[in-house]
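The values are calculated or read from the model by the stated rules, or taken from the named source; none is laboratory data. What you see is a predicted model, and the numbers here were worked out from it, not measured in a lab. Note that we place each Cβ from the backbone using ideal geometry, even for glycine, and neighbour counts take in every protein chain shown.
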Amino acid sequence: MEPMNPIPVSNSDKLGLPSGSNSTGLDPAGSDPADPSSPGGLNKPNDSCDSVDATTTDNNAFSNDAVPGSSAGSSGAAVITADSVEKAIQERSYRLQELLDSERIYVSDLAHCCQYIQYMRESKDKEDHEIPMPEDLREGKDRMIFGNIEAIYEWHRDNFLKNLESCIDKPIELGLLFKKYDRKFQMYVVYCQNKPKSEYIVSEYIDTYFEEIRLKLGFKLRLTDLLIKPIQRLTKYHMLLEAIVKYSQRAGLTEETEALSKAFHVMTVVPNQANDMMDIGRLQGFEGKITAQGKLLHRGPLVAMDNFDTKNKDKDTKPIMKPFTCFLFEQIMIFSETSGKKTQFTSPVYIYKAHFLVNKMALDEKTFEDPLQFLIKSNDPARDELKILCQAESEESKKKWLGILKRQLQTQMDFLRALQAPIAYHNRLAND
């Protein structure tokens, strides 16, 4: 498969980025600043979530899922007075109302996406349609544009919004609501994995076909602005829940803080997974199905010996150590080369080079020339020549890679034993 040129991607796709890097010119939290009915236009004091640093450009802005204000010396340790409790509860009520109001607007935006889908189906099926679908989109590309956004819309419309409305004034139930639907929010991870492909396709027709549809439907927002809404929504959940937890804590509402912290944790983990899947969506040349490889356990750089293609390499050419970006899933470890650089307007793509099936992988930690090196080799008889010398960036990085690899290899071994001798395996577990 020929590598595709780096896909032009707005860094607003990266969760946690500031509005200044948003090419759409929209509030990254998902509201339209020009719309007086949007949450951004609420008439209340201290409107911004001041516990969130709005200037951060760290793509891992969600990596710390500790309870806001829970550290030593933080506002959580402040003396609680009647006035401070009243103010904290008032501030929290603003965020709770914004959570509900913005959810209703979000569902409306998703409905617009589904109207696009319906109109496109008609323009594809009818030969004499006034806005015919371009031939290039008819071969399946049209189905890649929206990913699973219809499923996301139907769930929010029929389920999550109604539940949110019923428990918005019951903070404990609100916290448990997000925890309850932890697995449902994985729909966003799937959506983000498809986003780079969608963006590339839409960019070719955004000023022609999709603009004609927008004008026909009378929509204010362009398709690109609508398609980024699910990503912005994750950011909004995270920011609002962080503030809601903070003010609950300042009010001394311990039980509510504990329940809401669980919701905040969910909306910390999911955006991190979504960020990872958007990067994985830029992997090119891998012929397998990424979504069938299990959970992403770890990803990062490794310098490795470039001897993947043992059949076609010149025997006189000595392999060299080269940098790779590696993705370790439950079922597979993928080595890829990075093409292009991350800038304000573009993100790199990853060109597939090789993979190891975890259930046919072995690890060698013997001392090599460099203390940061370790060996990964294949136990597959058909690929017994595949041995890759890897070198981590640091001792900490090596320790992390080896720790995760060992745990997953042990998991695979336990699974194999359970299949081969289930009774003996369960007896051993019982004895342990």
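Looking for something assigned to a loop (DSSP other than H, G, I, E, B), at pLDDT below 95, closer than 21 Å to residue 144 by Cβ and assigned by TED's automatic domain parsing to the domain that holds residue 119 - is there at least one such residue anywhere in segment 189-205?
yes
Return only the number of the condition from (1) within 20 Å of the chain's Cα centre (by Cα); (2) part of a helix (DSSP H, G or I); (3) more than 24 Å from residue 253 (Cβ to Cβ) that residue 123 does not satisfy.
Going through the list (1) within 20 Å of the chain's Cα centre (by Cα); (2) part of a helix (DSSP H, G or I); (3) more than 24 Å from residue 253 (Cβ to Cβ), residue 123 breaks only (1).
Condition first: touching a Phe, Trp or Tyr at 6+ places or on another chain (Cβ under 8 Å) and more than 27 Å from residue 193 (Cα to Cα). Now tell me which residues in segment 245-265 satisfy that.
The one that is touching a Phe, Trp or Tyr at 6+ places or on another chain (Cβ under 8 Å) and more than 27 Å from residue 193 (Cα to Cα): 245.
Collect the residues in segment 388-397 that are closer than 13 Å to residue 326 by Cα and either among the aromatic types (Phe, Trp, Tyr) or assigned to a helix (DSSP H, G or I) (or both), keeping them in residue-number order.
Answer for segment 388-397, where residues must be closer than 13 Å to residue 326 by Cα and either among the aromatic types (Phe, Trp, Tyr) or assigned to a helix (DSSP H, G or I) (or both): just 397.
Give me the pairs: first residue in segment 142-155 and farther than 11 Å from residue 230 by Cβ, second residue part of a helix (DSSP H, G or I) and basic (Lys, Arg), beta-carbon distance under 6 Å, and six or more apart or on different chains, which are they?
So the pair list comes out as 144/197.
Scan segment 85-115 for residues that are of a type in the set (Gly, Ala, Ser) and modelled with pLDDT of 95 or more and jot them down.
Residues satisfying the conditions are 102, 108, 111.
Go through segment 211-225 residue by residue and tally those that are buried (at least 22 other Cβ atoms within 10 Å of the Cβ) and either among the aromatic types (Phe, Trp, Tyr) or under 18 Å from the mean Cα position of the chain (by Cα) (or both).
Of the residues in segment 211-225, 0 are buried (at least 22 other Cβ atoms within 10 Å of the Cβ) and either among the aromatic types (Phe, Trp, Tyr) or under 18 Å from the mean Cα position of the chain (by Cα) (or both).
I'd like to know if segment 357-364 contains one or more residues that are under 20 Å from residue 324 (Cα atoms) and either not in a strand (DSSP E or B) or not assigned by TED's automatic domain parsing to the domain that holds residue 319 (or both).
Scanning segment 357-364 turns up at least one residue that is under 20 Å from residue 324 (Cα atoms) and either not in a strand (DSSP E or B) or not assigned by TED's automatic domain parsing to the domain that holds residue 319 (or both).
Go over the candidates 385, 369 one by one and state the one that is touching a residue at least 60 places away in the same chain (Cβ under 8 Å), surrounded by fewer than 19 Cβ atoms within 10 Å (Cβ to Cβ) and not in a strand (DSSP E or B).
None of the others qualify; the one that does is 385.
Taking residue 308 and the conditions (1) surrounded by 12 or more Cβ atoms within 10 Å (Cβ to Cβ); (2) modelled with pLDDT of 75 or more; (3) not in a strand (DSSP E or B), which numbered condition does it fall short on, given that it satisfies the others?
(2)
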